[in-house]
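*Asks:* Handing you this structure, nothing more for now.
The values are calculated or read from the model by the stated rules, or taken from the named source; none is laboratory data. Everything numeric here is computed off the predicted structure, so don't read it as measured data. No Cβ is skipped: glycine too gets one built from the backbone with ideal geometry, and neighbour counts run over all protein chains shown.
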Amino acid sequence: MNDYRLLFLGALALWACSCGRWASAHDQTVETLAIPKYPKVSDDVFSLSSRKPDTTYRATMLFIHEGADPMLLGEVLNASVYSREVFANARRFELVNDYKNLYSDTGLEPQTVTLMKKDLNTFELSQLQKNPMTIEERKTKIKDWFDQKVGSLPFDAAQRRSFDDAWGAYCEAKIVELASNSVFAASSYKELPTPQGLCSDYYASAGLLAGASCQNPKEGNYFTCLWQEGVGKTRWFQASAELTAEASSAMAQKKSQLQELLKVPSNFQKVLALDPTMVSINSNPVKNKITPNFFTSIFTQQLVKEPGNNVAWCSVPPFGIKDRKLSGICTLFGLAPLEHSPAEWINSLEGRSSENELFTIPPPTDVTLARFEDFVRYLGERDKGRSSEGDRLFHAPLQSPKPLVAPIFNDAGEEFLDRLDSVKAELSSVIYGSLDETALAEKDFRSKNISYREAKIAEMQDESKVLEAETERALSRGLKATNAPGVAHAFVEIRFHFRQVGSILVGEFWPKDAEVGNQAAGLFRGCFDLSQQETIDCPAELASGDSSDIRVFPAQLNRDPETGQINLAMKVEDPDAASLILKPRMEVEPGETPNYFMDLDSSAFKGRQLRFELFPNRLQDSLDILTGKVFLEDETRAVFEGGISGWELWD
Amino acid sequence: MLKFHLFFFTLLFSAEAAHAFESTRTLPAGVRNINIRGLYTTASSKTNKSGDREPLAEPLWRPLRFRNVLDGEEGLKRTQLAAFLASQGFGNEETVGDFYANLNAQINVWAPIFAWGISERLTLAGALPYYSASTDIKVGFRTNVGADRFIAALTTNSMNNFQSAIEASEKFQNAVVRLNERLEENNYEPLDRWNQEAFGDLTLAAKYLHYNGERVKFASQGGIVAPTGRVDSPDLLTDLPFGDGQWDIFAALLADQYVLPSLFVNQFFRYTYQAPDRRSVRWKTYDETVLAPKRETDFKLGDKIDAGLSFQFEQESTGITGGLGGLYFRKFGDRYTVDELAIKSELQRATDQDALYWQARLGYSTVAAYQRKEFAAPLTASLEYRRQYASRNVPITDFTQLDINLFF
């Protein structure tokens, strides 16, 4: 038995040494990043007693399709973020630069620059008058300058011949333009006013404006001279061997008509001068057309190209042409059988039209330098009947109670304006004379000031256009992304308007489609007492400010002071009145931008709760935004849900 | 993965497991022997397929990927999260953090082995070990730069999704709790302390002495292992099995060569065939351990080879015994009948194992003293130390074992 006891004791010892020991593992740590905090936005519409007590948010509401492809939905998300960023860029640009007030087309800076340019012109002219240059001096100098300029153009012999032909047509067209100009018809001159100062050689060589009627006419009236010796001898009244027999006959008829008109030139002159004793205007639509440019445009444009208009114009009585012979003036010019009108030649040689250029002059390689056409334009353009710089410099009015002003070329286009300084600089000593040193320094200073401001305006406007294009692209991107098949049930534009009335925060929501004009026809409104931090029924006096044709539906507004979350919930009883209705998708070609849409009809909304969970924030310290979620809920669950992306509207 | 290592962990100490100090010796006819074997050990590390040491809990050191985060969401919220990840260029396989764990296992074995000399050359034996085992696991979690980027992307002013960022950050902080919740949702037990006591597999064996020369002796051994022990639960990630759940048949050849009357060299080779069987298994993959359904699965554990060489010393005059030896162990890879390659690969991963041990023993025998009538009972007691020299896919478990033998 001792043996067994020994064995038992041994076994017991083995057992005892191994019992009561349990495995024990070392504690492991949990190390994670810090929990982020909600952003604190101060002084927005949700802050009590904010300096910004009223904000309207432009927003989009997206109801996500349950089976949406995450990749496609990801693009929607990217587009949404991108939109907020580019609008923040635009808002910051507006705030930092005060763009609308300063640099937009109607802003202060462009107006200032216009005034500065006028001032500079006035200053320059007044300074130049201290050392006046006579018209004869100008004529001599401009003739030399022109010869030298044309000689420097890179023409071979054939090109030079073509240029001379074109230049002749241009100079003749300028005769028609001046002769039909109402200002000219009403003016008297000490000597023959040249239609274009650069054309004097051509007129001399072509024998134009050289007949007896051009030699010291009575009372400085060069009307007959210009028509008889000018217009009547232009190519638009000359038969030539190049014309067909029919065209030659028409030419002869025109010339005959003109001679008939000039038998009593005074009446013709009075009509062109818009003399009220000759022109009675009763019809408003026609009256609006009667400007100093009226006849010029008719004669130079040659309405023959639009026979219907021509006939119509001639048959309209309001012009009250008493001399029946004058009734033919439209057909006189309208029957011109030549291929190109005077206006086309003027536009081409003055570089005023990029289309149908009748003659092309190679521009200088440096694009900042003035082109030949720029000089011609600078001296020759009679924009909308106004006098040209050439008229101001080369004409000698008999009586000039109101001196002609230098044109400012407002409608000439940026490219021409960019080269204008180059034109003036080159012509300065030719036609203006010289400024003394002090005046020159001031002129230079003013010019630089104007140039700097113009450059700044251009920079700002370019930047504004870039930002505007970017916002358009962002919106387009969002529309394309959300319109992809299977992504969303709805993507509609909505508005939130929050305002503080005392300590009450008023929140309003409406779909953009509910707007009639600039205001919502139906909206949901909820109120929250910011001082008591509780949802309240909106005070009755709030409704007093509502237009009678607005329908207001109740909503519950709440704001969590810790997270900043805004909750706006509303029971949709009348979705039609709130414009929560079907909005068919736009069918577009690939690449085109579709529109907002709502696949859900009003029955999807009726009787259900529409609830927004919104989180405010501010981008780039400039743009207040609202993002969050939207739920369309019945009593037990969210039937549809989606996202909200919004940012404040600004002027 | 974790389970196979722990499974091996218990088999190391099972009654039929080889140790270096084998011999051709059989019991005299009519003599019986009861051997009480006891050992205690712990483990917290293992070797990988390259033989490098790594924590036992390494299989739980898994990254948390965006894919896992997505799996935790459903419905439109999942769609929106997927859309956000896509829009920000996050890949589903990118990680936001890593789970860390420390796992320690402890095992006590108390194994009575009964042997009976049927004849001078044939001895039969049976053994039924009794296990007392426990494990403890502690899990940690650390977010990484992926989580930083994720939260940063949500909290840009233009994205303005601080609500989701805060929600996600809180989930990261509760990642361990959420992991256990996910385990429970998938019918796992949460990762926690575990312990159990139970019998292991029953081993029945016979040894026959074929040649009993003066200097050389040869014997063979054969037997079966009956699946009487508890198998691992598919719902517990850290439990220890006390048996492998199917029948084994083993056979061994042994040879002793006496260098001196009291010193011999033993060599043995043993092959164990593990019969195929079927049981409930989690069909997990390398990337997904939690969302793994349980399936009844046909399997065949890899057969095993044990081979040993030892020098053993026994001095009858003093009763002192001792030895030095080496042991080679090899288990071939398991095979699971699963069509899906990712699951099959994971189930069979790291099941091909081998290890090399050296062992030392010191003991005392009263048999000679008993025969000289100098001691009351014929018994031996020995203390054995085993140390792992090299291994692949095997827990590192050095241990000391105490054996008490009584002959009667």
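*Asks:* Count, please, the residues in the stretch A:472-507 that happen to be over 24 Å from A:D599 (Cα atoms) and buried (at least 17 other Cβ atoms within 10 Å of the Cβ).
*Replies:* Residues in the stretch A:472-507 being over 24 Å from A:D599 (Cα atoms) and buried (at least 17 other Cβ atoms within 10 Å of the Cβ): 7 in total.
*Asks:* Moving to a separate point now. For a quick check of your reading of the model, give me the residue pairs whose first member lies in the stretch B:73-86 and is under 16 Å from B:A165 (Cα atoms), whose second is of a type in the set (S, T, Y), with beta-carbon atoms closer than 9 Å and at least 6 apart or on different chains.
*Replies:* Partner pairs satisfying both residue conditions: B:E73/B:T79; B:Q80/B:S164; B:L81/B:S164; B:F84/B:S164.
*Asks:* Now, a different point. Taking the stretch A:462-511, which residues are among the hydroxyl-bearing types (S, T, Y) and either farther than 15 Å from A:G643 by Cβ or without any contact (Cβ under 8 Å) to a residue 40 or more places away in the chain (or both)?
*Replies:* A:S464, A:T471, A:S476, A:S503
*Asks:* Among the candidates A:L62, A:L77, which residue alone is part of a helix (DSSP H, G or I) and either within 11 Å of chain B (Cβ to nearest Cβ) or at pLDDT 95 or above (or both)?
*Replies:* A:L77
*Asks:* Just to be sure before I move on: is B:L154 of a type in the set (A, V, I, L, M) and in contact with a helix residue (DSSP H, G or I) (Cβ under 7 Å, 6 or more places away or on another chain) in the structure I sent?
*Replies:* Spelling it out, B:L154 is indeed of a type in the set (A, V, I, L, M) and in contact with a helix residue (DSSP H, G or I) (Cβ under 7 Å, 6 or more places away or on another chain).
*Asks:* May I pose another question? Would it be correct to say that B:A133 is within 9 Å of chain A (Cβ to nearest Cβ) and in contact with a strand residue (DSSP E or B) (Cβ under 7 Å, 6 or more places away or on another chain)?
*Replies:* So B:A133 fits the description; yes.
*Asks:* Does B:F141 fit the bill of being aromatic (F, W, Y), within 8 Å of chain A (Cβ to nearest Cβ) and crowded, with 21+ Cβ neighbours inside 10 Å?
*Replies:* yes
*Asks:* Now a separate question. What number of residues within the stretch B:79-98 are facing chain A (nearest Cβ under 9 Å) and closer than 25 Å to B:Y286 by Cβ?
*Replies:* Number of matching residues: 5.
*Asks:* In addition: Within the stretch A:194-224, which residues are hydroxyl-bearing (S, T, Y) and either surrounded by fewer than 14 Cβ atoms within 10 Å (Cβ to Cβ) or assigned to a helix (DSSP H, G or I) (or both)?
*Replies:* A:S200, A:Y202, A:Y203, A:S205, A:S213, A:T224, listed by residue number.
*Asks:* Checking the condition more than 11 Å from every other protein chain (Cβ to nearest Cβ), out of contact with any helix residue (DSSP H, G or I) (no Cβ under 6 Å at 6 or more places or on another chain), basic (K, R) and in contact (Cβ under 8 Å) with a residue 12 or more places away in the chain, which residue from A:R618, A:R611 passes?
*Replies:* Of A:R618, A:R611, the one residue that is more than 11 Å from every other protein chain (Cβ to nearest Cβ), out of contact with any helix residue (DSSP H, G or I) (no Cβ under 6 Å at 6 or more places or on another chain), basic (K, R) and in contact (Cβ under 8 Å) with a residue 12 or more places away in the chain is A:R611.
*Asks:* While we're on this one: Identify, please: which residue in the stretch B:368-408 is away from chain A (no Cβ under 11 Å), aliphatic (A, V, I, L, M) and in contact (Cβ under 8 Å) with a residue 60 or more places away in the chain and is, among those, farthest from B:K46 (Cα to Cα)?
*Replies:* B:A390
*Asks:* Before we move on, is B:D306 within 30 Å of B:E384 (Cβ to Cβ), assigned to a strand (DSSP E or B) and charged (D, E, K, R)?
*Replies:* For B:D306, the condition - within 30 Å of B:E384 (Cβ to Cβ), assigned to a strand (DSSP E or B) and charged (D, E, K, R) - is met.
*Asks:* Exactly one condition in (1) in contact (Cβ under 8 Å) with a residue 60 or more places away in the chain; (2) more than 7 Å from chain A (Cβ to nearest Cβ); (3) outside any strand (DSSP E or B) is false for B:F172; which is it?
*Replies:* (2)
*Asks:* Only one residue in A:N101, A:N89 is in a helix (DSSP H, G or I) and in contact (Cβ under 8 Å) with a residue 60 or more places away in the chain. Which one?
*Replies:* A:N89
*Asks:* Got at least one residue in the stretch B:345-367 being more than 22 Å from the chain's Cα centre (by Cα), in contact (Cβ under 8 Å) with a residue 60 or more places away in the chain and within 14 Å of another protein chain (Cβ to nearest Cβ)?
*Replies:* No: the stretch B:345-367 contains no residue that is more than 22 Å from the chain's Cα centre (by Cα), in contact (Cβ under 8 Å) with a residue 60 or more places away in the chain and within 14 Å of another protein chain (Cβ to nearest Cβ).
*Asks:* OK, next. Enumerate the strands (runs of 3 or more DSSP E) found wholly within the stretch A:444-561, keeping only those where 1 or more residues are in contact with a Ser or Thr (Cβ under 6 Å, 6 or more places away or on another chain).
*Replies:* Once the strands (runs of 3 or more DSSP E) in the stretch A:444-561 are filtered for at least 1 residues that are in contact with a Ser or Thr (Cβ under 6 Å, 6 or more places away or on another chain), what remains is A:488-501, A:504-511, A:522-529, A:556-559.
*Asks:* Further question on the same structure: So if I check each of B:A219, B:A206, which one is assigned to a strand (DSSP E or B), over 23 Å from the mean Cα position of the chain (by Cα) and buried (at least 21 other Cβ atoms within 10 Å of the Cβ)?
*Replies:* B:A219
*Asks:* Looking at B:L64, B:L70, can you tell me which residue is free of Cβ contacts under 8 Å to residues at least 24 places away in the same chain, more than 8 Å from chain A (Cβ to nearest Cβ), under 30 Å from A:L77 (Cα atoms) and not hydroxyl-bearing (S, T, Y)?
*Replies:* Matching residue, one of B:L64, B:L70: B:L70.
*Asks:* Still on this structure, please answer the following. For B:D244, only one of the following conditions fails: (1) over 22 Å from B:D303 (Cα atoms); (2) assigned to a loop (DSSP other than H, G, I, E, B). What is its number?
*Replies:* For B:D244, the exception is condition (1).
*Asks:* Then there's this: Return the residue satisfying two criteria in turn: it lies in the stretch B:40-61 and is within 15 Å of the chain's Cα centre (by Cα) and within 12 Å of another protein chain (Cβ to nearest Cβ), and of such residues it is farthest from B:G91 (Cα to Cα).
*Replies:* B:Y40
*Asks:* Name the single residue, out of those in the stretch B:247-266 being over 25 Å from the mean Cα position of the chain (by Cα) and not aliphatic (A, V, I, L, M), that is farthest from B:F21 (Cα to Cα).
*Replies:* So the residue we want is B:P261.
*Asks:* Within 25 Å of the chain's Cα centre (by Cα), surrounded by fewer than 18 Cβ atoms within 10 Å (Cβ to Cβ) and in a helix (DSSP H, G or I): does that describe A:A425?
*Replies:* No.
*Asks:* Here's another thing I want to ask about it. Determine if the stretch A:30-53 includes at least one residue that is part of a helix (DSSP H, G or I) and either within 11 Å of another protein chain (Cβ to nearest Cβ) or modelled with pLDDT of 85 or more (or both).
*Replies:* Among the residues of the stretch A:30-53, not one is part of a helix (DSSP H, G or I) and either within 11 Å of another protein chain (Cβ to nearest Cβ) or modelled with pLDDT of 85 or more (or both), which makes the answer no.
*Asks:* Quick one: in the stretch A:562-573, which of the residues that are assigned to a strand (DSSP E or B) and in contact (Cβ under 8 Å) with a residue 60 or more places away in the chain is surrounded by the fewest Cβ atoms within 10 Å (Cβ to Cβ)?
*Replies:* Looking at the filtered set, the residue picked out is A:M570.
*Asks:* Give the residues of the stretch B:99-117 that are more than 7 Å from every other protein chain (Cβ to nearest Cβ) and either within 22 Å of B:R37 (Cα to Cα) or at pLDDT 95 or above (or both), sorted by residue number.
*Replies:* B:I107, B:V109, B:A111, B:P112, B:I113, B:F114, B:A115, B:W116, B:G117
*Asks:* Would you tally the residues in the stretch A:218-256 being farther than 30 Å from A:A396 by Cα and of a type in the set (S, T, Y)?
*Replies:* Result for the stretch A:218-256: 5.
*Asks:* Turning to a different aspect of this structure: Surrounded by 17 or more Cβ atoms within 10 Å (Cβ to Cβ) and more than 20 Å from A:V271 (Cα to Cα): does that describe A:K190?
*Replies:* no
*Asks:* Restricting attention to the stretch B:144-169, which residues are at the interface with chain A (Cβ under 9 Å from one of its Cβ atoms) and either hydroxyl-bearing (S, T, Y) or in contact with a His (Cβ under 9 Å, 6 or more places away or on another chain) (or both)?
*Replies:* Once the filter is applied, which keeps residues that are at the interface with chain A (Cβ under 9 Å from one of its Cβ atoms) and either hydroxyl-bearing (S, T, Y) or in contact with a His (Cβ under 9 Å, 6 or more places away or on another chain) (or both), the stretch B:144-169 yields B:T155, B:T156, B:S158, B:S169.
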